[in-house]
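Engineer: Handing you a structure now.
The values are calculated or read from the model by the stated rules, or taken from the named source; none is laboratory data. Just so it is clear, the model here is predicted, and its values are computed rather than measured. Here the Cβ positions follow ideal geometry from the backbone for every residue, glycine too, while neighbour counts run over all protein chains shown.
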Amino acid sequence: TQAQIGVTGLAVMGRNLARNLARNGFSVALHNRTPARTRSLVEEHGDEGVFVPAESVADFVAALERPRRIVIMVKAGGPTDAVIEELIPLLDEGDIVIDCGNAHFADTRRREAALREHGLHFVGAGVSGGEEGALLGPSIMPGGSKESYATLGPMFEKIAAQVDGTPCCVHVGPDGAGHFVKMVHNGIEYADMQLIAEAYHLLRDGLGASPKELAQIFAEWNSGDLESFLIEITAEVLGHVDAATGTAFVDVIVDQAEQKGTGRWTVQTALDLGVPVTGIAEATFARALSAHPEQRVAAQKALPGPGSVPQADRETFVDDVRKALYASKVVAYAQGYDQMAAASAEYGWDIDLGAMATIWRGGCIIRARFLDRIKESYEHERPESLLVAPYFRDAVAEGQESWRRIVAHAAKAGIPTPAFSSSLAYYDGLRTERLPASLIQGLRDFFGAHTYRRVDKEGTFHTMWSEDRREVEA
Ligand code: NBP
């Protein structure tokens, strides 16, 4: 028999994606550079469905029905190109190559164009949900041509997570759109985690609460507006006790955060697009700061903190932190959505923002109750910013005073809250009627003759600063 789909790259992600496909009734051809992985998959899980293992790429390609659908799930970057190069001469016009790894969207655009030259479809598909999601139902964000989605979509929609009967998979848009959206998803994930970490830090140092008490607080939060996978697992991690020492697990972990690069890509791309993703940027930089132990040790010795630390009323403080977290989270999502909208306009992707919230409701790491609200906001209101959509505007307005108290408390207590603070600054920046950008423009004109526009008439102007300060039309 010929397999309906093939998966090459059978490490944790590819292996589980292949099993998910087989469990859903699709026959799956299997390949991995090192054949031992292919064999062990068949040995351990061969009874879950129809697998067609192959040791060579040629046998793998020959095992597939046409047009072929080939999922690549290898380490992103050079390995993906190596696999594509090996496949190209073996494929026929109309075949579909799907990269489910975490590729940079610019690489996906390049690969899509190159394969199009060969008459092949290339689909860059973002897959979120980690190991478990790949097996039980991830959130899938496929890019590429509409034509390729027509044959691939039904399979992906079947293996994706389902929320209220709707699959967490939709055709995002042409070429790199899927990987772009996956990148922003990961960027938002960085911001979400940083905000949770700041909330934890504030409660721990501001109240002196124990990890066990904090696990309780996060578990309670998970039954309200903040309900989400990340809040749920925060309660789990904080409640976990290290078996070796009997102390809280969070206290035995080295406090230096690592990163694989998608947060950094999100920020780099946002800079190019001119979209302020301050929440994601602060989250990425906070990880970088944590990872510089030499500087931190030097600063711990050299830099004084505040003399006296303000006292907090426990109940009010916990409630304030919760509201500050929610408001900051809305800012992070608003910024991420702005970035997707900007890229969609730049590259002509026509991304449906409401649909992105729909497919993030399940399967992925940032799955959360409030994505239902984001979906509704973009479907019905097309807001200029998520922050001005009535539901979120009201929710943030309700938490605003708490948010300000928390940021002020953090500053007075010397607790670093870069994401909370920058999100509030963004909120105030957006709502401020006259920004000091006018002064910036004046300075730019002074030293560089960069010109400025006036509030009272059309045109571009320059002041002759080094002469008689006459204003001329530029
Ligand atoms: P890894 O990212 O660890 O990659 C290991 C796989 O790549 C193995 O199958 C390996 O084959 C293969 N490979 C390498 Br390395 N170099 C190769 C080459 N030159 N030619 C052919 N194959 C090569 O696996 P993973 O953690 O399963 O992730 C797969 C993809 O999914 C990555 O792009 C990752 O970013 C993405 N992703 C991961 C997660 C997650 O939670 N882990 C979530 C979402 C997306 P070998 O067995 O012969 O060494």
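Engineer: Could you pull out every one of the helices (runs of 4 or more DSSP H) wholly within the range 361-474 that has 1 or more residues that are within 30 Å of Pro306 (Cα to Cα)?
Structural biologist: 390-413, 418-431
Engineer: Output the qualifying pairs, or none if there are none: Cβ atoms under 8 angstrom, residues six or more apart or on different chains, first residue in the range 159-175 and over 17 Å from Ser128 (Cα atoms) and assigned to a loop (DSSP other than H, G, I, E, B), second residue polar (S, T, N, Q) and modelled with pLDDT of 95 or more.
Structural biologist: Gly173/Ser344; Pro174/Ser145; Asp175/Thr108
Engineer: For the range 204-234, how many residues are out of contact with any Lys or Arg (no Cβ under 8 Å at 6 or more places or on another chain) and part of a helix (DSSP H, G or I)?
Structural biologist: Residues that pass the stated criteria total 16.
Engineer: Do you know which of the residues in the range 30-59 that are surrounded by fewer than 13 Cβ atoms within 10 Å (Cβ to Cβ) and not small (Gly, Ala, Ser) is farthest from the ligand (Cβ to nearest atom)?
Structural biologist: The extreme case among them is Asp47.
Engineer: Under 7 Å by Cβ, and 6 or more places apart or on different chains, what pairs join a residue from the range 1-20 that is within 13 Å of Gly49 (Cα to Cα) and assigned to a helix (DSSP H, G or I) with one that is acidic (Asp, Glu) and within 7 Å of the ligand (Cβ to nearest atom)?
Structural biologist: Cβ pairs passing all conditions: Asn16/Glu131.
Engineer: Now for a different question. Go through the range 60-77 and give me each residue that's within 19 Å of Arg15 (Cβ to Cβ), buried (at least 19 other Cβ atoms within 10 Å of the Cβ) and not aliphatic (A, V, I, L, M).
Structural biologist: Across the range 60-77, the qualifying residues are Phe60, Arg69.
Every residue, every condition in (1) in contact with a helix residue (DSSP H, G or I) (Cβ under 9 Å, 6 or more places away or on another chain); (2) crowded, with 18+ Cβ neighbours inside 10 Å, yes or no:
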{"residue": "Trp349", "(1), (2)": "yes, yes"}
{"residue": "Thr358", "(1), (2)": "yes, yes"}
{"residue": "Asp372", "(1), (2)": "yes, no"}
{"residue": "Ser377", "(1), (2)": "yes, yes"}
{"residue": "Pro383", "(1), (2)": "yes, yes"}
{"residue": "Glu398", "(1), (2)": "yes, no"}
{"residue": "Ala408", "(1), (2)": "no, no"}
{"residue": "Ala411", "(1), (2)": "yes, no"}
{"residue": "Ser422", "(1), (2)": "yes, yes"}
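Engineer: Identify all residues within the range 3-29 that are among the hydroxyl-bearing types (Ser, Thr, Tyr) and within 14 Å of the ligand (Cβ to nearest atom); write none if there are none.
Structural biologist: Selection gives Thr8 alone.
Engineer: Listed residues Ala161, Ala113; which is among the aliphatic types (A, V, I, L, M) and either surrounded by 24 or more Cβ atoms within 10 Å (Cβ to Cβ) or more than 16 Å from Leu21 (Cα to Cα) (or both)?
Structural biologist: Matching residue, one of Ala161, Ala113: Ala113.
Engineer: Sticking with this one: List pairs: first residue in the range 58-77 and without any contact (Cβ under 8 Å) to a residue 40 or more places away in the chain and among the aliphatic types (A, V, I, L, M), second residue assigned to a helix (DSSP H, G or I) and within 14 Å of the ligand (Cβ to nearest atom) anywhere in the structure, Cβ distance under 9 angstrom, at least six positions apart or on different chains.
Structural biologist: The qualifying pairs are Ala76/Asp107.
Engineer: Taking Gly279, is it modelled with pLDDT under 95, under 28 Å from Glu315 (Cβ atoms) and crowded, with 18+ Cβ neighbours inside 10 Å?
Structural biologist: Criteria not met by Gly279.
Engineer: Please work out which one of (1) crowded, with 23+ Cβ neighbours inside 10 Å; (2) more than 16 Å from the ligand (Cβ to nearest atom); (3) closer than 20 Å to Leu17 by Cα is the condition Phe156 fails and give its number.
Structural biologist: Failing condition for Phe156: (2).
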